[in-house]
Structures are given as structure tokens and as C-alpha cells.
Amino acid sequence: MNQLTEFLANNPHIHHATPESSDYEDLRMGFIINASRHPAIIVRPRSAEDVAALVPLLTQNDLPFAVRVGGHDMFGRSQINDGVTIDLREISYVDVDKSAQTARVGGGVVTMDLLEKLHEHDVVTPFGMTPSVGVLGWSTFGGYGLLSPHYGLGVDQIVGAKIVDAQGIICDADEIMLTAIRGGGGCIGVIVELTLKVYPKSQTLAGAIFFESKDLALEVEQFNQAYARAKANGLPAPLHLYQAVINGPGGKSLAVLFMWSSSDMEEGQKWLSRASSWLPVAMSTVQPTTYLDFARFASSMLPPKTYGTIFTINLFDLTPEVLKVIGAHAKKQPNNPEVLLGIHELRANGPTESSSRTVYHNRQPHFLLEILPMASTPELAAEAVAWGEAFRDDLRKTDPSNIVPSSYISLTSPGDSNMESIYGVKYSKLKEIKGLYDPNNVFKSALAQFY
Ligand SMILES: Cc1cc2nc3c(=O)[nH]c(=O)nc-3n(C[C@H](O)[C@H](O)[C@H](O)COP(=O)(O)OP(=O)(O)OC[C@H]3O[C@@H](n4cnc5c(N)ncnc54)[C@H](O)[C@@H]3O)c2cc1C
């Protein structure tokens, strides 16, 4: 630790915080309070060069380190107790190149900052539902969002990256490195910059539809029957519906985040009317808006930090058996405003990166269920977690042929994380690239683990 202290004394432009610092608590805290770890020191590099100086210093002195940006890892994996946190949030530039239809995004950028910058340039790129999530943490492991049927997942937007490798060298990622980054995140280096595809910004119709809630189980079933019929007849790419059971303004109800990402507003209004006719609507906030304002709205639906955890499962389909389980547990969902069941969907025929250029494996159409038992106190969170666990266990008892073997690494607890099933046929490729670029496992705290 002495060498690090000396390095920081010689580089006063690099901010840092220790448990004695007044800003330590703010800087260490992540989204999940009870999962946020206590590092010995948080170091905040301001450039790729700073990171390049830090990595060899830490490895040569056997100082365990982890990389942190938005702090939304639900299991605290971006910090190590008594270790060093490389907090990239001061590397937060966004440079848009409209002619190339790309944006260079600093390693520490969070979603809201990206959207603000893209908005100024009249472009957009797929983004996650929570604006405080780090852009790199979201996109490099998959990146589900409301624009995925239109433009693909976050991982499909990555066209370039700059990393600090195991030797502390800043490199422009070659095609092999990019393949590992697309799905494997920071397992071969600290990603100090990503280049992402951007698209001309369209008008958008977006917001939440809150349905009346009389019999939640029945409503979940009826909504999904109508949705499945509409899907069988073909859904347009600009349309995405994210279902959630939330404790909203009118109490516990089924809600749908509605996104129409095309300037053909007439067609968008038709789909809005259609989706709004599937159940009686209690309240709707869907309106012509911008991606930025939609993100601000989405951000108001979640607390900045909370107690709790997440349970997740991927299912090929929302079968009647699955809907029964969802309905039964939705009815028992605790009333804490933070609790949520959310359902992401990866539809068929969305744009994707060519399979050989990514280790992201889960491409078959599926539903990603996120059960979020969260609360403002540890006691309420414990009750919510018991509910979430029972919910997850009942989903696991449904028809095994409908359960996708691979789950989303970002949301899978370390105890449930089996890399071979998460990466499936891509695991051997990821392992091979890891062996080429980080044979000594310098980046051992990354989510992708190698045995
Ligand atoms: C409230 C909430 C909402 C979410 N919504 C969505 C959603 O809509 N869609 C979706 O797909 N996912 C979603 N997620 C999951 C989220 O995308 C992942 O947990 C993501 O990894 C968080 O990134 P972060 O930077 O905020 O978190 P952190 O905890 O800071 O980082 C997460 C992981 O990424 C690594 N990492 C981050 N940046 C870098 C970098 N520059 N270089 C190397 N490694 C890096 C960290 O080391 C860590 O292992 C959500 C999570 C939460 C808590």
C-alpha cells in the first residue's frame, strides 16, 4: 500500500478516498446498500494514462483491485473489502462523430450522461432502463433495453474499445479482444473507452401504462394472452413493451413501459391504443417525448439506493404454467415501493452482431425475468427476499424444457454463476482469449471467471 500512497502523493490530480475521507461513504456506496463493500482505498483516475500507471503498480504490489462505475452490480462485485477500487467515474467524456454514426464513450460514463450528450447531437443508442447504470457495465455483458428490437442489444453496438491490458499498456482493442469484450466485459483489461454505434434520433412515444388492478393473476394472464396474439401476427421493430408488476401510484398493479422508437407517430399511436385495449387502464404517462425525458421518467421509478437483491431466470416463453406462477407471486408481492418484478424480452429477428465476433451467447428469443426484492430497511428487505426466493424457486420448478440454461451474468448471484452455462458454447472461446491476453489473471475480480 505504501507504493500506492506514494504514487498518489506524486499524482495529486488523481482523487482518492480512504475510510477517513469525508467523501468515502458517498463514493463507496452502490445501488444495493447491503452489498456495497468497504475497500481500503478508492482511486479515481482521470485518464487512460492514469489507469495504465495504476494497473502494474497494483499487480506488482499484490494489491487486489476491482473496477467500479455505476455501482449497480447487485452483488457488490465491483468492490473488494480491504482492496483497491478503481473508480472510473471521472473518465466521463462522450465524443459523438455524426458522420461515422459512432460515439466514443469514456469508461466511467453512466447512462444519463450518455443520453444527455447524444440528445445534444440528435442521435441515440440503445440504453438500459436505469439511467444511473454504467454504460460499459450494461453494454459489455449484454445490455437489455427498450430499443433492442429496433437496434439490438447493448453488446451489439460496440464497434471499438480502448483497454488497459494486463501489462498496463493502453491498446486499441483488436478484433479478438473486441470479441471477448462483447459479452465478457473487463476480463482482459480495464475498458477505458468504448466506441458505440449511434442512430439518428427519431421522435418517440414512450411512458408507462398502469392497468387497473382487481385480480392481478388474471390480469397478468389476460395481458400476456393478448400480447402473444399480437406477437404471432408480427410486432414492428420500433415497438417494445416491458412488463412489470410494481407498487405504483394506485397500489400494486401490472404496468407496461411502452416504447415506440420511430417518427411514424400515427403507427405508434395505433400500437399504443392496441396495447391499452388489452386491459382496463388506470393511468398512462405515454406521450410523445424524447429518449432523455423518458430516461428521466424511468429514473423516478427507482430509488437511488436500496437494500435487497435480485433473482433472475431466463425463459423461452411465458407459458400458461409460468404465468400462473407469476400471477400467484405477484399477488403476494410485498408492498414496499421498491419491490418490482420486471420482464425484459429478447425478440426474434432483432439486429445482432455476427456470432463469431461476440461471446454473448443468449441469442434465442427469450424472456429475462428480474425479481427485485428491495426495501428501504434491512428488515423489510429480508421479508421481500423471502418472497423473491420462493418466487424464483417456483419458477425453477416449471417445465425444464422452457428454462433457458444460460442466465444473465450481470444479474446472476455468484453462488448461481456457472460460467459454462452462462457462456454456453462461447465459453471455450472466451477462455482461449483470456489465456492469450491475461494468462496470469490480473483481472480476476471481473464477472467472467475462469477455472
Ligand atoms: C436498478 C438496476 C437496473 C438495471 N437495469 C438493467 C437493464 O435495463 N438492462 C440490463 O441489461 N441490465 C440492467 N441492470 C444490470 C446492469 O446493467 C449491470 O449490473 C451492470 O453491470 C451495472 O454496471 P455499473 O457500472 O452500474 O455497475 P458496477 O457495479 O460499477 O460494475 C458492474 C461490473 O462491470 C464492471 N465494469 C464496469 N465498467 C467497467 C469498465 N469500464 N472496465 C472494466 N470493467 C467494468 C465492474 O468491474 C463490475 O464487475 C440493472 C441493474 C440495476 C441495479
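Annotation note: Cβ proximity below 9 Å between a residue of segment 73-87 that is touching a residue at least 12 places away in the same chain (Cβ under 8 Å) and a residue that is among the basic types (Lys, Arg) and within 9 Å of the ligand (Cβ to nearest atom) (sequence gap 6+ or interchain) occurs for SER78/ARG68; GLN79/ARG68; THR85/ARG68; ILE86/ARG68; ASP87/ARG68. So is ARG46 out of contact with any Phe, Trp or Tyr (no Cβ under 6 Å at 6 or more places or on another chain) and within 13 Å of the ligand (Cβ to nearest atom) or not? Spelling it out, it is not the case that ARG46 is out of contact with any Phe, Trp or Tyr (no Cβ under 6 Å at 6 or more places or on another chain) and within 13 Å of the ligand (Cβ to nearest atom).
Counting only residues that are of a type outside the set (A, V, I, L, M, F, W, C) and more than 15 Å from MET283 (Cβ to Cβ), segment 203-213 holds 2 of them.
Exactly one residue among THR102, THR140 is more than 8 Å from the ligand (Cβ to nearest atom) and touching a residue at least 40 places away in the same chain (Cβ under 8 Å), and that residue is THR102.
Collect the residues in segment 59-71 that are surrounded by fewer than 21 Cβ atoms within 10 Å (Cβ to Cβ) and touching a strand residue (DSSP E or B) at 6+ places or on another chain (Cβ under 8 Å), keeping them in residue-number order. Residues satisfying the conditions are LEU63, PRO64. For first residues located in segment 117-136 and outside any helix (DSSP H, G or I), partners that are at pLDDT below 95 and within 7 Å of the ligand (Cβ to nearest atom) and lie 6+ apart or on another chain with Cβ distances below 9 Å form the pairs MET129/LEU302; THR130/LEU302; SER132/LEU302. Within segment 54-89, the set of residues being over 20 Å from the mean Cα position of the chain (by Cα) and either near the ligand (Cβ under 8 Å from one of its atoms) or in a loop (DSSP other than H, G, I, E, B) (or both) comprises ASN61, ASP62, LEU63, PRO64, ILE80, ASN81, ASP82, GLY83. Listed by position, the strands (runs of 3 or more DSSP E) contained in segment 181-284 that have at least 3 residues being more than 30 Å from VAL425 (Cβ to Cβ) are 204-211, 239-248, 251-260, 281-284. Filtering segment 72-117 to residues that are in contact with a His (Cβ under 7 Å, 6 or more places away or on another chain) and either of a type in the set (A, V, I, L, M, F, W, C) or surrounded by 24 or more Cβ atoms within 10 Å (Cβ to Cβ) (or both) leaves only VAL96. In this structure, is PRO405 in contact with a Phe, Trp or Tyr (Cβ under 6 Å, 6 or more places away or on another chain) and more than 14 Å from the ligand (Cβ to nearest atom)? Here the answer is no, as PRO405 does not meet what is asked.
The listed residues are GLY424, GLY388, and the only one of them that is at positive phi and either within 15 Å of the ligand (Cβ to nearest atom) or surrounded by 14 or more Cβ atoms within 10 Å (Cβ to Cβ) (or both) turns out to be GLY424.
Restricting segment 273-317 to residues that are under 18 Å from LEU254 (Cβ atoms) and within 15 Å of the chain's Cα centre (by Cα) leaves a set whose member that is surrounded by the most Cβ atoms within 10 Å (Cβ to Cβ) is ALA298.
Do the conditions hold for GLY152, that is, is it surrounded by 24 or more Cβ atoms within 10 Å (Cβ to Cβ), of a type in the set (Gly, Ala, Ser) and either at pLDDT below 95 or within 16 Å of the ligand (Cβ to nearest atom) (or both)? Taking the combined requirement at face value, the residue does not satisfy it. Considered as a group, the residues in segment 90-115 that are in a strand (DSSP E or B) and within 21 Å of ASP23 (Cβ to Cβ) include one that is farthest from the chain's Cα centre (by Cα), and that residue is GLY106. Just one residue in the set GLY152, GLY189 is more than 27 Å from ALA348 (Cβ to Cβ) and not assigned by TED's automatic domain parsing to the domain that holds VAL67; that residue is GLY189.
In the set (1) out of contact with any helix residue (DSSP H, G or I) (no Cβ under 9 Å at 6 or more places or on another chain); (2) without any contact (Cβ under 8 Å) to a residue 40 or more places away in the chain; (3) closer than 23 Å to VAL110 by Cα, the condition left unmet by MET29 is number (2).
Suppose the filter is assigned to a strand (DSSP E or B), modelled with pLDDT of 95 or more, in contact with a strand residue (DSSP E or B) (Cβ under 7 Å, 6 or more places away or on another chain) and within 22 Å of ILE433 (Cα to Cα); does ILE163 pass it? Taking the combined requirement at face value, the residue satisfies it.
Name every residue in segment 105-134 that is more than 16 Å from the ligand (Cβ to nearest atom) and not aliphatic (A, V, I, L, M), in order of residue number.
Taking segment 105-134 as the starting set, the residues that turn out to be more than 16 Å from the ligand (Cβ to nearest atom) are 116-123.
GLU116, LYS117, HIS119, GLU120, HIS121, ASP122, listed by residue number.
For segment 348-451, which fully contained helices (runs of 4 or more DSSP H) count at least 2 residues that are within 14 Å of THR312 (Cβ to Cβ) and more than 17 Å from the chain's Cα centre (by Cα)? Walk me through how you get there before you give the answer.
Working: elements: 378-396, 419-423, 427-437.
The helices (runs of 4 or more DSSP H) meeting that bar are 378-396.
Among the residues of segment 41-52, are any assigned to a loop (DSSP other than H, G, I, E, B) and surrounded by fewer than 19 Cβ atoms within 10 Å (Cβ to Cβ)? Talk me through it step by step, then tell me what you get.
Taking segment 41-52 as the starting set, the residues that turn out to be assigned to a loop (DSSP other than H, G, I, E, B) are 45-47.
Of the ones still in play, those that are also surrounded by fewer than 19 Cβ atoms within 10 Å (Cβ to Cβ) are 46-47.
Yes, some residue in segment 41-52 is assigned to a loop (DSSP other than H, G, I, E, B) and surrounded by fewer than 19 Cβ atoms within 10 Å (Cβ to Cβ).
The one condition from (1) modelled with pLDDT under 95; (2) touching a strand residue (DSSP E or B) at 6+ places or on another chain (Cβ under 9 Å) that SER36 does not meet is (2).
The values are calculated or read from the model by the stated rules, or taken from the named source; none is laboratory data. The shown structure was predicted, so the numbers you read here are calculated from the model rather than taken from an experiment. Positions of Cβ are generated from backbone atoms using ideal geometry, with glycine treated the same way; all protein chains shown enter the neighbour counts.
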